[in-house]
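A.B. asks: This structure is in structure tokens; I'll ask about it shortly.
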Amino acid sequence: MDALSDLLAPYSETIGKIAGTITTLQFLSGVALLNDIRKKGSSDVYPVGPFLGGIVLTVLSLKLGQLMGDQPMINVNIIGFAINTVFMVGFYYYASSENKSKIWIKIGYVSLFLMACIAYANFEDPKQIEFRLGMLITSILVWLVGSPLLNLPNIIKKKSTEGMPFPIIFAGQLVATAWTLYALSIRNHVMVYQNLFLWILGSIQLAMFVLYPSTPAKKPNAKSAKKEK
């Protein structure tokens, strides 16, 4: 690891800019998913987590950027919040009446969670809240990246990755790779391990797309079943 850090160190600033650019572009990865939802005419088969999670992450990261006085971080997350809000509206528009009620309940929980976090950040010691808020953001990111794996038994049973947001997973993998290289270049071992963990989770999910198609496996009809007998 030290040898790789030595190799990347002279290019840390460039790698950091590339990582930041990829992260910004990641916000747009939901466009392909939203287009797929539009074609299907329904968002019910997809989890709302990635879009709600994107709003949570950008709000918390925006607060962290304000605490740190990091203007680029603030700017990126303002854009990210706006994009994820648009995606959330689109997801809601294509949801069935039953799912729309469930989405509103989740939005309520998310709103309460964000208000509690921001209130805590306003009263906590600035020296402590930066670290704690950073760890919270990392934990949420790990949960978002790994959450599709909870559906792994069903994916294997159906032999289909239908419902898994490939564009978001792939974009997340690029982001994890870029920030891992940047962390290596600045010798931030904690950041390296965090992003390597995210990279491993993403790799497992991408492997599912190699093993299984994104369309449901066709069930044999009655005639073909009789012929097989």
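A.B. asks: Listed residues S29, S12, S5, S43; which is surrounded by 13 or more Cβ atoms within 10 Å (Cβ to Cβ), closer than 28 Å to I129 by Cβ and hydroxyl-bearing (S, T, Y)?
C.D. replies: Result of the check over S29, S12, S5, S43: S12.
A.B. asks: Somewhere in region 64-74, is a residue closer than 22 Å to P47 by Cβ and either surrounded by fewer than 16 Cβ atoms within 10 Å (Cβ to Cβ) or under 21 Å from the mean Cα position of the chain (by Cα) (or both)?
C.D. replies: Looking for residues that are closer than 22 Å to P47 by Cβ and either surrounded by fewer than 16 Cβ atoms within 10 Å (Cβ to Cβ) or under 21 Å from the mean Cα position of the chain (by Cα) (or both), one finds none in region 64-74, hence no.
A.B. asks: For residues in region 75-115 being under 20 Å from G30 (Cα atoms) and among the basic types (K, R), which is nearest to the chain's Cα centre (by Cα)?
C.D. replies: The selected residue is K106.
A.B. asks: Moving to a separate point now. Going by the conditions given, is T14 β-branched (V, I, T) and over 12 Å from the mean Cα position of the chain (by Cα)?
C.D. replies: Judged against the criteria, T14 is a match.
A.B. asks: Kindly list, by first and then second residue, each pair from a residue in region 83-105 that is touching a residue at least 40 places away in the same chain (Cβ under 8 Å) to a residue that is among the acidic types (D, E) and not in a helix (DSSP H, G or I), limited to pairs with Cβ atoms under 9 Å and residues at least 6 apart or on different chains.
C.D. replies: Y94/D44; A95/D44; S96/D44; N99/D44
A.B. asks: Got a sec? Which of L141, L149 is in a helix (DSSP H, G or I) and either under 30 Å from G69 (Cβ atoms) or over 16 Å from the mean Cα position of the chain (by Cα) (or both)?
C.D. replies: L141
Quick note: the coordinates plus some simple rules give every number you see, no bench work behind them. These figures come from a predicted structure and were not determined experimentally. FYI the Cβ positions are ideal-geometry reconstructions off the backbone, even for glycines, and counts take in every protein chain you see.
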